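Trainee: Here it is: the structure, laid out below.
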Amino acid sequence: MTDISALAARCAEEQSRYAEGINVHSHDCFDLFRHALQEQNSAAFNAIYRTYEPQVRRWVYQHSHYPAAQEEADHFVQQSLTKFYFALRGRDFDRFEHISQVMQYLKLCVHSAIMQYWRKTQSRRMHQVDDESSLLNVAVSPNLLTPLAAWERIATLLPEARDQRLAHAAFAQGLKPSEIVEEFPDDWEDVQQIYSKLYRIRRVLRDDEELRTILSVSER
Amino acid sequence: MKNLSDQQISALIDGTADAALKAQVAANAHLQAQLDAAQRVEAALHRLLYRWDCPTPDALGEYQLQRLPAAQREALARHLAHCRRCRDEVALLADFLATDDAPPRLALESPRGLPLLPPRWDEMVLRPSMAPYDSAWRGADDDSSYVFEAPGLTLFLEDHHNEEGHRIEGQLVTEETSDQPRWSGALVELRQDESVRTAPLDEFGEFTFDNLALSDSVTLRITNRDGETLVWSRDSG
């Protein structure tokens, strides 16, 4: 039977040497990850959490979107390690053969945690909701049926493919007119064309009672 | 001016309207109401549709690492062809993965002291429900029970104290039975001072931490696979 404490101690030593820039090629850390995730050994995962938290924190600080996210590093560290745990526990760990792949995946989880938060922040800034409860509904209980219903209604109201692409670029991607011109040069020559088309599209969408009902906007 | 034209409304929404028009609207309640109504629709469209059909950041990451099955990979590639935001995220991830790890001493502090956004909206704060939660975290001889609540969720905690330290037993119960699978297997993180412990929620929503030396600064987080987090800290009241 593996002594998890001893394995954890060897991995911690290996990781501290790695953090000093010394590459170590033992299997101890990979074994510890395997016990923690594949065999779901709680003591091993505790050791992983303790050993790799500083590295995860460094990655959070390194990420280009971290400063603008305006959130504590602790939050992203915890979200990253939780994502990692859910993604790789059980048989999913079979996909990995070397510690470098595991570390790359852990780094990916840091990116995902920050970008997930970033998307919510962007959405929040774009529509400038001042009602915290409606924001909570969007963030915590996403229901894809409603966006799908809204988009299907928009597609009905805007039968031309070019108009649908513009509506998607403006509302689903949040692109500025200048970005839309760059993105769809075959559709649009300049931003003035886009402004001109957008105000017509907005009128069509505003005037549709069914869409307003889906959007829960009852009054004009 | 009796009413705003569609063009003027659009310019006001886009922020390209001139100062004179903005002043006119600000001084006229009817025009302001017309603009407000249009802005409500605009806000609702953004709120509902922003990135609604985009793959999650996790899926984009799996794509970048070439770990997606072929069918999913093809579907994601089709999305990337028309979604600039997702292409930007994939490029950002590629850069991030290629970045060398910084020496640790450069990163012990947050690089910028930016203000935080209060309150965080993707965490649900657990509040004490019925027990005197403040009385016995440290040094108590007797066992203590605590009950905390968040919308639709109740957390029961028991603190057993003996000469080896504290043993915390917890159970998370959902109000709706249908919510239970969402929290089954969630990861519990107990953080105090410089130390951190973790445990998974079992099929009954239960978890245990043994041999703890509880301090004044304790934060408990329970995060499910959807990233929803319940949080309680001694300071949260």
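The values are calculated or read from the model by the stated rules, or taken from the named source; none is laboratory data. Not measured: the values here are computed from a predicted model. Here Cβ is always computed from backbone atoms with ideal geometry, including for glycine, and neighbour counts include all displayed protein chains. Protein only, heavy atoms only, side chains kept; ligands, DNA and RNA dropped before computing areas. Shrake-Rupley method; radii C 1.70, N 1.55, O 1.52, S 1.80 Å.
Trainee: Please name whichever of A:2, A:211, A:195 sits farthest to the positive end of the charge dipole of chain A, dipole taken about the Cα centre and charges placed at Cβ: Lys and Arg +1, Asp and Glu -1.
Mentor: A:211
Trainee: Tell me, rounded to the nearest percent, the portion of alpha carbon pairs in chain A spaced more than 25 Å apart. Could you put the intermediate results ahead of the total?
Mentor: Working: 13693 of 24090 pairs.
Here the tail beyond 25 Å accounts for 57 percent of pairs.
Trainee: Here's a follow-up. Report, as an integer, the average count of C-beta atoms from other chains found within 10 Å of each Cβ along A:106-112.
Mentor: Details: counts 0, 6, 11, 3, 2, 11, 10.
Counting other chains' Cβ atoms within 10 Å and averaging over A:106-112 gives 6.
Trainee: What is the percent carbon and sulfur in the accessible area of the stretch B:57-98, measuring with a 1.4 Å probe over the protein chains and ignoring ligands? Numbers along the way, then the final one.
Mentor: Numbers: 1070 of 2070 Å².
Looking at the stretch B:57-98 in its full context, I get 52 percent from C and S.
Trainee: Per residue, how many Å² of accessible area does the stretch A:143-214 show with a 1.4 Å probe?
Mentor: 50 Å²
Trainee: Okay, next question. What pairs from A:120/B:22; A:120/A:176; A:107/A:176; A:120/A:197 go past 24 Å between their alpha carbons? Present the calculation step by step, with values, prior to reporting the outcome.
Mentor: On the way: A:120/B:22 30 Å; A:120/A:176 18 Å; A:107/A:176 31 Å; A:120/A:197 28 Å.
Going by Cα-Cα distance, A:120/B:22; A:107/A:176; A:120/A:197 fall outside the 24 Å limit.
Trainee: To the nearest 100 Å², how much accessible surface do chains B and A hide from each other in total, with a 1.4 Å probe?
Mentor: On the way: alone 16540 and 14270 Å², together 22380 Å².
When B and A are taken together, about 8400 Å² of accessible area is lost.
Trainee: On to the next question. Per-residue HN-Hα couplings for the stretch B:161-169, Karplus 6.51 cos²θ - 1.76 cosθ + 1.60 at θ = phi - 60°, whole Hz, x for Gly and Pro?
Mentor: 10, 9, 5, 8, x, 9, 10, 9, 10
Trainee: Can you tally the net charge around residue B:12? Count Lys and Arg as +1, Asp and Glu as -1, for every other residue whose Cβ sits under 12 Å from the Cβ of residue B:12. Mind showing how you got there, number by number?
Mentor: Numbers: positive: A:202, B:22; negative: B:6, B:14, B:18, B:36, B:42.
Counting the neighbours of residue B:12, the net charge comes to -3.
Trainee: When the accessible area of each residue in the stretch B:80-97 is compared between its chain alone and the complete protein assembly (1.4 Å probe; ligands, DNA and RNA ignored), which residues differ by at least 50 Å², being lower in the assembly?
Mentor: Checking the loss per residue gives B:82, B:84, B:85, B:89, B:92, B:96, B:97.
Trainee: How much net charge surrounds residue A:30 when only other residues with a Cβ under 12 Å from its Cβ are counted (Lys, Arg +1; Asp, Glu -1)?
Mentor: Working: positive: A:10, A:34; negative: A:14, A:28, A:31, A:97.
My count for the surroundings of residue A:30 gives -2.
Trainee: If Lys and Arg each add +1 and Asp and Glu each add -1, what is the summed charge of the other residues whose beta carbon sits under 14 Å from the beta carbon of residue B:72? Mind dumping the intermediate values first?
Mentor: Numbers: positive: B:67, B:73, B:78; negative: B:58, B:62, B:74.
Net charge around residue B:72: 0.
Trainee: Right, here's the next one. List the residues, sorted by chain then number, that are 5 or more residues from residue B:186 or on another chain and whose placed amide H is less than 5 Å from its amide H.
Mentor: Sorted by chain and number, the residues that satisfy this are B:201.
Trainee: On to the next question. Tell me, what is the per residue accessible area of the stretch B:6-49 in Å², probe radius 1.4 Å?
Mentor: Details: 2020 Å² over 44 residues.
Accessible surface, normalised per residue, equals 46 Å².
Trainee: Can you give the average number of partner chain beta-carbon atoms within 10 Å of each beta-carbon in peptide B:3-9, as a whole number? Write down the numbers at each step before the final one.
Mentor: Values: counts 0, 0, 2, 9, 7, 1, 4.
Mean shielding count: 3.
Trainee: If you roll a 1.4 angstrom probe over the protein chains with everything in place, what fraction of the accessible area of the stretch A:1-106 belongs to carbon and sulfur, to the nearest %? It would help to have the intermediate numbers written out before the result.
Mentor: On the way: 2090 of 4510 Å².
The computed percentage sits at 46.
Trainee: Any idea what diffusion coefficient the stretch B:6-49 gets from Stokes-Einstein, in µm²/s, Kirkwood Rh on alpha carbon pairs, 25 °C, 0.890 mPa s?
Mentor: Values: Rh = 10.8 Å.
Translational D for this selection: 228 µm²/s.
Trainee: Counting heavy atoms of the protein chains only and a 1.4 Å probe, report the per residue accessible area for the stretch B:57-98 as a whole number of Å². Don't jump to the answer; show the numbers that get you there.
Mentor: Details: 2070 Å² over 42 residues.
Per-residue value: 49 Å².
Trainee: Which residues of the stretch A:167-182 show a drop of at least 50 Å² in accessible area when all protein chains are present, compared with their chain alone (probe radius 1.4 Å, heavy atoms only, ligands and nucleic acids excluded)?
Mentor: A:168, A:171, A:172, A:173
Trainee: At a 1.4 Å probe radius, carbon and sulfur cover how many percent of the accessible area of the stretch A:143-214?
Mentor: Working: 1720 of 3590 Å².
The C+S portion of the solvent-accessible surface of the stretch A:143-214 is 48 percent.
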